[in-house]
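One structure is given below, encoded as structure tokens.
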Amino acid sequence: MSLGNGTPRVNENNIDSSKFKIDETRHSGWGNSLQRLNVSPVILELDNIPQLLAKLEAQELLIVNPRRKNGLIIYKKYHAEFAGPGAIVGGQFDLGATNVLAVGNVSLVYPQNSQAKKQAYKMRRQWVRLTKQIIDNPQPTERAQVILNQFEHWFDIETVADLPDEAFALLVGVLPQTIRKVRNIELL
């Protein structure tokens, strides 16, 4: 089921609750490495999408854990954006978020100071620039191929296979059928 704009509606039936859950306590195993990054751990699981959307709407700032292969596809009204490892989410960036989709085993952390925020803003900008480079190609099938290849490079084939065609389509401005077509060609 979708929200009418191609954004899948999240409900209890299509949530993999093994992916992510909010726990704002500090995990002792992460303390030292996260202190160096000036962030504190917050683990988000997919069964808390409404809570994460509320945090985004409240303009709270979180950082996609830079120590993991993970990220969020953030659905907006007419497009989607990818926030990969190290990128900030929330604040002014994601006021219009209508939904989020976890990529990998998502872990979000709070920035502890302005330097951590500044670095995370730079990372978000880098992820946007990478996507823009793909979008600049005028050929829809090539954009579809490149975004799929990039995600397979950043993550693994199984993770990419689990992501919906609509998510990739909204990232690079193509129809979901174009993504499906390119995926089917890859299977041959």
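The table for this structure:
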| read-out | value |
| --- | --- |
| Exclusive hit being over 12 Å from Gly71 (Cβ atoms), hydrophobic (A, V, I, L, M, F, W, C) and within 15 Å of the chain's Cα centre (by Cα), set Leu175, Leu170 | Leu170 |
| Qualifying residue in the range 133-156 (condition: at pLDDT below 95, more than 20 Å from Leu52 (Cα to Cα), aromatic (Phe, Trp, Tyr) and crowded, with 18+ Cβ neighbours inside 10 Å) | yes |
| Failed item, numbered, when Phe93 is tested on (1) under 16 Å from Leu171 (Cα atoms); (2) at pLDDT 95 or above; (3) within 14 Å of the chain's Cα centre (by Cα) | (2) |
| All positions within the range 134-149 that are in a helix (DSSP H, G or I), closer than 17 Å to Leu170 by Cβ and polar (S, T, N, Q) | Thr141, Gln145 |
| Pairs where the first residue, in the range 164-188, is on the phi < 0 side of the Ramachandran plot and in a helix (DSSP H, G or I) and the second is surrounded by fewer than 16 Cβ atoms within 10 Å (Cβ to Cβ) and of a type in the set (Phe, Trp, Tyr), C-beta under 9 Å, 6+ apart | Leu170/Tyr78 |
| Selection count, the range 104-133, where residues are in contact with an Asp or Glu (Cβ under 9 Å, 6 or more places away or on another chain) and either more than 25 Å from Val182 (Cβ to Cβ) or part of a strand (DSSP E or B) (or both) | 4 |
| Any hit, the range 55-64, residues being without any contact (Cβ under 8 Å) to a residue 24 or more places away in the chain and touching a helix residue (DSSP H, G or I) at 6+ places or on another chain (Cβ under 6 Å) | no |
| Residue match in the range 130-148 (condition: touching a strand residue (DSSP E or B) at 6+ places or on another chain (Cβ under 7 Å) and under 18 Å from Ile63 (Cβ atoms)) | no |
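The rows are residues; the columns are (1) assigned to a loop (DSSP other than H, G, I, E, B); (2) modelled with pLDDT of 90 or more; (3) under 16 Å from the mean Cα position of the chain (by Cα); (4) over 16 Å from Leu101 (Cβ atoms).
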{"position": "Ser18", "(1), (2), (3), (4)": "yes, no, no, no"}
{"position": "Arg26", "(1), (2), (3), (4)": "yes, no, no, yes"}
{"position": "Pro50", "(1), (2), (3), (4)": "no, no, yes, no"}
{"position": "Arg67", "(1), (2), (3), (4)": "yes, no, yes, yes"}
{"position": "Ile73", "(1), (2), (3), (4)": "no, yes, yes, no"}
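The values are calculated or read from the model by the stated rules, or taken from the named source; none is laboratory data. Quantities reported herein were computed from a predicted structural model and do not represent experimental measurements. Because the Cβ atoms are built from the backbone with ideal geometry, glycine has one as well, and the counts that use them run over all protein chains shown.
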